[in-house]
Amino acid sequence: MRRRRGGLNFGRQKKKVNVAVVREVCVWAVEILITLLLAFTLVYFVGLRTSVVGQSMAETLEGGSEILVNRFIYKVTNPKANDIIVFLPNGNEKSHYYVKRVIGVPGDTVWIKNGEVYVNGELFEEEVDVTSIEEAGLAAEEITLEQDEFFVLGDNRNNSEDSRYANIGNIRKEYIIGKAWFIVAPWGDFGFL
């Protein structure tokens, strides 16, 4: 009969750590972390998804269309004329996102006369076909845009709540969420704007 000895046994060998396995696990963990960081960054900056509410951008965008918004681009540059932007009217966080086309940029003078839009005294070059404007609103007289203001209109000019009306007015840059750049739904309109 063998007796088992109690107490400490300094003769035992330590278990060896498999360095290759630890290294492989660390590489996998770093790769997963980088992938998650890239995915989050991509979705946050260019993948904000929102719906178009109403018919103010019809023919370009129909009510209910799902679009992706690039939130990064206007952190490094300013919106340009004919860009389609997404913004919160007067910075109202409780409002739905508005989607409109930029007509005037800071320093421009905008005026609607005889149903046509004039920017800095010249007829605005539209990128889409639009109807003659029936109601000029605030733009019946010349509007000069301040340093951080933009004048926007919906493509469906006679069915759009936009910068012509006091409750929207000129859009300050800080209220702009980003640039609409891709239609994800409906499938028939899938593609770049």
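Look at (1) of a type outside the set (A, V, I, L, M); (2) crowded, with 20+ Cβ neighbours inside 10 Å; (3) assigned to a helix (DSSP H, G or I) and you find that Asn158 fails only one, number (2).
Exactly one residue among Glu126, Glu116 is of a type outside the set (Val, Ile, Thr), within 11 Å of Arg157 (Cβ to Cβ) and at pLDDT 95 or above, and that residue is Glu116. Within region 11-22, the presence of a residue that is at pLDDT below 95, touching a strand residue (DSSP E or B) at 6+ places or on another chain (Cβ under 7 Å) and either closer than 26 Å to Val119 by Cβ or β-branched (Val, Ile, Thr) (or both) is excluded.
The rows are residues; the columns are (1) farther than 29 Å from Ile67 by Cα; (2) in contact with a helix residue (DSSP H, G or I) (Cβ under 7 Å, 6 or more places away or on another chain); (3) part of a loop (DSSP other than H, G, I, E, B).
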residue: Glu126; (1), (2), (3): no, no, yes
residue: Val130; (1), (2), (3): no, yes, yes
residue: Val152; (1), (2), (3): no, no, no
residue: Asp162; (1), (2), (3): no, no, yes
residue: Trp181; (1), (2), (3): no, no, no
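The residues in region 52-107 that are surrounded by fewer than 16 Cβ atoms within 10 Å (Cβ to Cβ), of a type in the set (Ser, Thr, Tyr) and farther than 19 Å from Leu145 by Cα can be counted, and the count is 1.
The values are calculated or read from the model by the stated rules, or taken from the named source; none is laboratory data. Just so it is clear, the model here is predicted, and its values are computed rather than measured. For neighbour counting, all protein chains shown are included, and Cβ atoms are generated from backbone atoms with ideal geometry for every residue, glycine included.
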